[in-house]
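Here the structure comes first, spelled out in structure tokens, and everything after it is commentary.
The values are calculated or read from the model by the stated rules, or taken from the named source; none is laboratory data. All values derive from a computational prediction rather than experimental measurement. For neighbour counting, all protein chains shown are included, and Cβ atoms are generated from backbone atoms with ideal geometry for every residue, glycine included. In case anyone asks, the SASA skips ligands and DNA or RNA and just uses the protein heavy atoms, side chains included. Shrake-Rupley method; radii C 1.70, N 1.55, O 1.52, S 1.80 Å.
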Amino acid sequence: MSHCSTATPQDNNVNDTEEPLKKRIKIDHNGDEKKMSSSAMEVTATAEVDEKLYSRQLYVMGHEAQRRMMASHALLIGASGLGAEVAKNCILAGISSITLCDPNPANSFDLGGNFYLKEADVGSSSSRAELCKGKLAELNKYVSVKVADMPSLEKEAILNLVDGMSVVVITIPLPTDILHAINEKCREVNASFIYTLSTGLFGKVFCDFGKDFVVSDKDGENPASSQVENIIASNPAVVKVLEDQGRHGLETGDFVTFSRVKGLDGLIDEKSRQYEVKVTGPYTFELVGCDFSAASSPATQGYITQVKKPVSMSFKTYADALEDPGELMMSDFAKSDRPPILHLAYKALALYSEKNALQYPQPGDDNAAQQVLDLAKSIDSDNILDGNAAAERIILHLASGSRSILSPMCAALGGIVGQELLKACSGKFTPINGFLYFDADECLPEKLLPQTEVSPTGSRYDSQIAVFGKTAQQKLLDLNYFLVGAGAIGCEMLKNWALMGVGCGEKGHIHITDMDRIEKSNLSRQFLFRDDDISEFKSSTAARAAKVMNTDMNISDYVEKVGSDTEHLFGDDFYDKLDGVCTALDNVEARLYVDQRCLFYRLPMLESGTLGTKGNTQVVVPHLTENYGATRDPPEKSIPVCTLKNFPNQIQHTLQWARDYFEGEFKQSAEDVNSYLASPNFAETLAKEQNTKLDTVKSIRRTLVAERPTRFEDCVVWARLKFEELFKNQISQLLHNFPEDQVTSTGTKFWSGSKRCPKPLAFDLYSKCEDAGMRNHFDFIVAAANLRASMFGIKGRNDEEYFSDVLNNVIVPDFVPKAGVKIASNESEAKEEAEVTNRGGEMDVDTECEEILNELPKQSELAGFQLTPVDFDKDIDEHMLFVTACSNLRALNYSIPTEDTHRSRAIAGRIIPAIATTTALVTGLICLELYKITGTSQKELQLDALKNGFVNLAIPFMTLSEPTAPAKTKAILEGKEWNWTAWDSLDFNMGDITLQEFLDIFEQKYRLDVSMLSYNVSILFSFFANRKKVEERKKMKMSEVVTSVSKKQLPPNQLFIILEVIANDLDTDEEVELPYVKFRFR
């Protein structure tokens, strides 16, 4: 008998947090201060989620958190730039309703951050809230957008609005007493309180989610999982996990569950127990209080899954936190002293505004800025400002630019605050506890600019002029930038640039390219797109939307991939006119290509990416920073072939196998048939593919002759026989070769460790798997039959009664094991088997191929006939139904936990989880770097002013750090030491000179003797070449030498020739390591 201290689901199940969390959600619209009724809780728990729309977001938030958000209501006070960003992000996320409260009219400063306000709206009789409502409502049809009807922001009127709300967010300055009153009212009605401000290049966020806020998932990470190598029958029981699957990732005090455990006399309770863990090593842990010493044998296999526990958090009120803020969240560890300074500065700014009718200082008003500083000194009880000139500078800059609403700051803060709002609504992820202060003072000049530079002009750029001055604004207008990608990051970037004025001057221009079309799943985060835009190109749609935001934007859109095959379009003449490149890409390969282009043309590159709540930014500046490709992550490990074919042990293995089978059965087989039908000389084409041609012709014979359907019933029969072949016969053959009790030459069990002994499946139309709750047998038949039918142009169907009738009449042959079948038991055997196959039997293969080709119908007999290959698309439900069912059936063969279609889609489709909040934050951070690169008046750009960023909104965590300088290579050139980097080259800009003139320059100017000169793979000059040819080439122009040797003409838009040089120092005769030569011949 075992004795074990465990937690039952009734005691510690993660779902225990559902009820208190749901009670926080207010669904009553009549102002009653009451918690959610039980019937409403049921509605919340069963509300239908639009998985097509929220697809990528669901992989971040999960269905339950999404449902909670869909039952939540937000009150947003303030609809300037920051308010618009917060509203956009939470509407895209899909909360139930948002009420906009802002009776103030629009002013020119608002145009710097509110993307839905136009210049014509300044001076309008409509409020900012009314002006934004329509456009915000278009973002998501499931979200109700309302405007509070009130002439002014009176305390009692605002307090009445708080009733029935889940969260209140304030984004504009209000009197301190009103803020305290709203905060207290929020506590009374169990609503969360968020106060945030964006003032120039400075911002603050404050959160109070109450005395006892329950967080269901503190970090959003997938529960740690591992596989059992053994569980020792001891007291306490000791678990060792398979080392080749990685560390267990657990901490002492965690709880885990087990499934599919073999052995230990069944003492592990897989149904209702959660076991507490004491970690003893990276691959071992004890089960606290569990005595399994009476078991007759240890456990040898099984799956372990961490149980994530809810945590409770307590917050201070705004009033208490103002006086005693406690530990302030850091955003930049190089500015560890900054948060207390900004806490003091914002308190002083609030005092100033309340003495001046809630107005902040005018830009360039040195006297007003000094008043704010004096107020800060008067309340500086901690003596932060004593002898601290740097801190005084910060407060003066904050005060001077406090009226400015800058798009990048609104985007960054809007992403942070938007996520805090979603945390309040969903209970998922850890909220900011108290204050977060954020600034980008590196963008600022050292001293305040004169009033003539920063005074308002009444233009849409008044906010930026107030901070950076008119000269810097003109630089932004004249920028020429290339935006590669028009997805989530691309949309946010274009919005920011429209408000900043990038490319909006007479000399400025933006180029944007993206070859993808808009899909429904894009709409929850790519906010420039609407339902009507589905199937349109992203780049052209985004360009039109940005042009609406700022009609002065000069923008050209393309639908081409950026790569070596489009250099005729994006070539030397294109990059030569650019000031920089911004990437909004979703793959490393494309980023590396763009990185090489930026290196060559010496252009800044703004790089960012997101993964759920995580985001990163990298600023690349010629000669100052290393390039993007200077450091790379290691490549992902591939799954061994023998694991995929015969020994899977994870759902990732079965999903990859199912994907591969889909490609072969529904795409490759059809393409092979079409190639045969379209090629009169198919046998000659096949001869070039000696290793695969036999498989190819066999596939063609099966598809075109042996298994060719003429009606849908044939497709159903085919699917049923495929089920038998894949999930019963192949497994039976494997067990025939390797019986369950087989032992290896060392005496260990063959089926042990990561090798899971499979079992054949008996077809059952009504079978449902335990883990995913799916009818995999039925789903496989339906999906496979319909995919097969679509290949042959046969109309499909889905009604179960029809399938049941057909399947009852299918005659399935009995399995007979085959003798002499070889199955590789490990990767080395698989490689050896492949080598033997490739080496031997070529005559037999040729003969068999010829025989099969002779059996096939002649192309002339099938004139006009063609199959339709099926390209796998993770967003097509029929495709995913097949892959999921196929994967799950194989998982059932090997006793691997199954997955539903939603989770399978993420793994098989390699979906990157995404949410609008993270996207907004990273684009905001990147645009702050663009300010620095463009140039601020009175300040030279230095490396320590630039910031790379990493954020995780779930924890929450943000760190900004100085980029790495480029690595240097030492060389002696012209008698001097030259430390060159990847940004450097030897530049020749003297026209298309001759090869002799080129060599003379090296000898006379650089004191170098060139021994070899090459272009790509062509050697243009070398000391060992034929002397006669060398002399001929020396008289030719460089471009002529290149075309003559390479036998290729140079494209008309190519301006440069890239040459590699090997040369020795004339004085020392030592080889000098040199960068490439960048030779401009046009």
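Some points to look at:
- Of everything in region 447-503 that is acidic (Asp, Glu) and buried (at least 24 other Cβ atoms within 10 Å of the Cβ), the residue that is farthest from residue 390 (Cα to Cα) is 492.
- Some residue of region 943-955 being basic (Lys, Arg) and touching an Asp or Glu at 6+ places or on another chain (Cβ under 8 Å): yes
- With a requirement of 1 or more residues that are open to solvent by 10 Å² or more (accessible area, probe 1.4 Å), the helices (runs of 4 or more DSSP H) lying completely within region 50-118 that satisfy it span 55-61, 63-70.
- Flag for residue 979 being surrounded by fewer than 24 Cβ atoms within 10 Å (Cβ to Cβ) and more than 29 Å from the chain's Cα centre (by Cα): yes
- A Cβ distance below 9 Å, combined with a sequence gap of six or more or placement on separate chains, defines the contacts here; from region 152-172, residues that are crowded, with 20+ Cβ neighbours inside 10 Å reach residues that are among the acidic types (Asp, Glu) and part of a helix (DSSP H, G or I) in the pairs 162/188; 167/420; 169/420; 171/85.
- Candidate set: region 1003-1023, residues that are more than 46 Å from the chain's Cα centre (by Cα) and under 26 Å from residue 1049 (Cα atoms); chosen: the one most open to solvent (accessible area, probe 1.4 Å): 1023
- Restricting the first member to region 260-272 and to residues that are more than 12 Å from residue 302 (Cβ to Cβ), and the second to residues that are open to solvent by 50 Å² or more (accessible area, probe 1.4 Å), the beta-carbon pairs closer than 6 Å and six or more apart or on different chains are 265/296.
- Matching residues, region 657-679, being surrounded by fewer than 20 Cβ atoms within 10 Å (Cβ to Cβ) and assigned to a helix (DSSP H, G or I): 660, 661, 663, 664, 667, 668, 671, 674, 675, 678
- Count of residues meeting criterion [out of contact with any strand residue (DSSP E or B) (no Cβ under 9 Å at 6 or more places or on another chain) and open to solvent by 60 Å² or more (accessible area, probe 1.4 Å)] in region 1053-1064: 0
- Residues located in region 301-337, provided they are in contact with a Leu (Cβ under 9 Å, 6 or more places away or on another chain) and β-branched (Val, Ile, Thr): 304
- Qualifying residue in region 404-411 (condition: under 24 Å from residue 209 (Cβ atoms), open to solvent by 10 Å² or more (accessible area, probe 1.4 Å) and assigned to a loop (DSSP other than H, G, I, E, B)): no
- Looking only at region 33-49, and only at residues there that are open to solvent by less than 30 Å² (accessible area, probe 1.4 Å) and among the small types (Gly, Ala, Ser), the one that is modelled with the lowest pLDDT: 40
- Residue match in region 893-915 (condition: in contact with a Gly (Cβ under 8 Å, 6 or more places away or on another chain) and outside any loop (DSSP other than H, G, I, E, B)): no
Yes/no matrix, rows are residues, columns are (1) under 30 Å from residue 66 (Cα atoms); (2) modelled with pLDDT of 95 or more:
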residue	(1), (2)
429	yes, yes
433	yes, yes
443	no, no
506	no, yes
521	yes, no
528	yes, yes
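- Condition met for residue 773 (modelled with pLDDT under 95 and either surrounded by 12 or more Cβ atoms within 10 Å (Cβ to Cβ) or in a helix (DSSP H, G or I) (or both)): no
- You will find that of 946, 889, the residue that is out of contact with any strand residue (DSSP E or B) (no Cβ under 9 Å at 6 or more places or on another chain) and of a type in the set (A, V, I, L, M) is 889 and no other.
- Just one residue in the set 234, 272 is touching a helix residue (DSSP H, G or I) at 6+ places or on another chain (Cβ under 8 Å) and surrounded by fewer than 19 Cβ atoms within 10 Å (Cβ to Cβ); that residue is 272.
- Taken over region 311-335, the criterion of being open to solvent by 20 Å² or more (accessible area, probe 1.4 Å) and not in a helix (DSSP H, G or I) is satisfied by 311, 312, 313, 314, 316, 324, 325, 326, 327, 328, 329, 330.
- Verdict on residue 1050 being open to solvent by 20 Å² or more (accessible area, probe 1.4 Å), within 30 Å of residue 565 (Cβ to Cβ) and at pLDDT 90 or above: yes
- Any chance residue 1069 is closer than 19 Å to residue 993 by Cα, open to solvent by 60 Å² or more (accessible area, probe 1.4 Å) and at pLDDT below 95: no
- Set 654, 692, 685, 610: member being of a type outside the set (Phe, Trp, Tyr), within 30 Å of residue 880 (Cα to Cα) and free of Cβ contacts under 8 Å to residues at least 24 places away in the same chain: 692
- Filtered by the rule that a residue be open to solvent by 10 Å² or more (accessible area, probe 1.4 Å), within 23 Å of residue 669 (Cβ to Cβ) and of a type outside the set (D, E, K, R), region 868-907 gives 868, 869, 870, 872, 876, 879, 881.
- Residues satisfying the stated conditions in region 504-542, i.e. β-branched (Val, Ile, Thr) and open to solvent by 10 Å² or more (accessible area, probe 1.4 Å): 534
- Count - residues of region 726-749 that are open to solvent by less than 70 Å² (accessible area, probe 1.4 Å) and of a type outside the set (Ser, Thr, Tyr): 12
- Residues of region 119-149 classified as assigned to a loop (DSSP other than H, G, I, E, B) and open to solvent by 80 Å² or more (accessible area, probe 1.4 Å), total: 5
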